[in-house]
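The values are calculated or read from the model by the stated rules, or taken from the named source; none is laboratory data. These figures come from a predicted structure and were not determined experimentally. Don't worry about glycine lacking a Cβ; one is built from the backbone with ideal geometry, like all the others, and counts go over all protein chains shown. The accessibility values were calculated without ligands, DNA or RNA, using every heavy atom of the protein model including side chains. Shrake-Rupley method; radii C 1.70, N 1.55, O 1.52, S 1.80 Å.
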Amino acid sequence: MRKRAANWVINEVLGRVDDPRKLAAADLPVPPAALAELVALVEKGTLSGKQAKEVFARMWDERRRAGDIVETESVAQVSDVAVLEEICRKVVAAHPEEAARFRAGRTQLLGFFVGAAMKETGGKANPKTVNEILRRLLGE
């Protein structure tokens, strides 16, 4: 978690300040404890990296906690296997020709199916879980 937190400080926090040499934690719109909360949400799988960057931008601009944003605005990553399996089954059923080509060896079509599942969830699906489910459903 320390490395991930350090990366957030280097890439996101320092990327938003004019002069890092004059940086004081008290001056930041996202205090260290709030950043730690965000990193913990990524570690738990509640947020994807992309979602976390979006949440961080809102934290910075609105001076809100990550947990508050996730809770009130439903930006959490969908990781429920049953929900994702239903979505993946629907995607595979809607594209029988692509599924047949995948099963015939065109494995690069997995990205097509992942993209379709992500679209179904508004980009909120856990991509790792979607990949695992699709590989199983498509017989890889």
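Residue count for region 98-136 under the criterion of being closer than 25 Å to ALA76 by Cα and either touching a residue at least 60 places away in the same chain (Cβ under 8 Å) or of a type outside the set (Asp, Glu) (or both): the result is 25. Picking from residues in region 74-85 that are touching a residue at least 40 places away in the same chain (Cβ under 8 Å) and part of a loop (DSSP other than H, G, I, E, B), the one that is farthest from LEU35 (Cα to Cα) is SER79.
Report whether or not GLY105 is part of a loop (DSSP other than H, G, I, E, B) and modelled with pLDDT under 90. No. Of all residue pairs spaced 6 or more apart or on separate chains, those with beta-carbon atoms under 6 Å, a first member in region 57-73 that is of a type in the set (D, E, K, R) and a second member that is open to solvent by less than 80 Å² (accessible area, probe 1.4 Å) and part of a helix (DSSP H, G or I) are ARG58/ILE69; ARG65/ALA34. Just a yes or no: is a residue in region 59-81 among the aliphatic types (A, V, I, L, M), surrounded by fewer than 18 Cβ atoms within 10 Å (Cβ to Cβ) and over 30 Å from PRO29 (Cβ atoms)? Yes; the residues of region 59-81 include at least one that is among the aliphatic types (A, V, I, L, M), surrounded by fewer than 18 Cβ atoms within 10 Å (Cβ to Cβ) and over 30 Å from PRO29 (Cβ atoms). Picking from LEU28, LEU84, LEU35, which residue would you name as being within 30 Å of ARG136 (Cβ to Cβ), open to solvent by less than 40 Å² (accessible area, probe 1.4 Å) and of a type in the set (A, V, I, L, M)? Residue meeting the stated conditions: LEU84. Counting only residues that are in contact (Cβ under 8 Å) with a residue 60 or more places away in the chain, assigned to a helix (DSSP H, G or I) and surrounded by 16 or more Cβ atoms within 10 Å (Cβ to Cβ), region 40-56 holds 1 of them.
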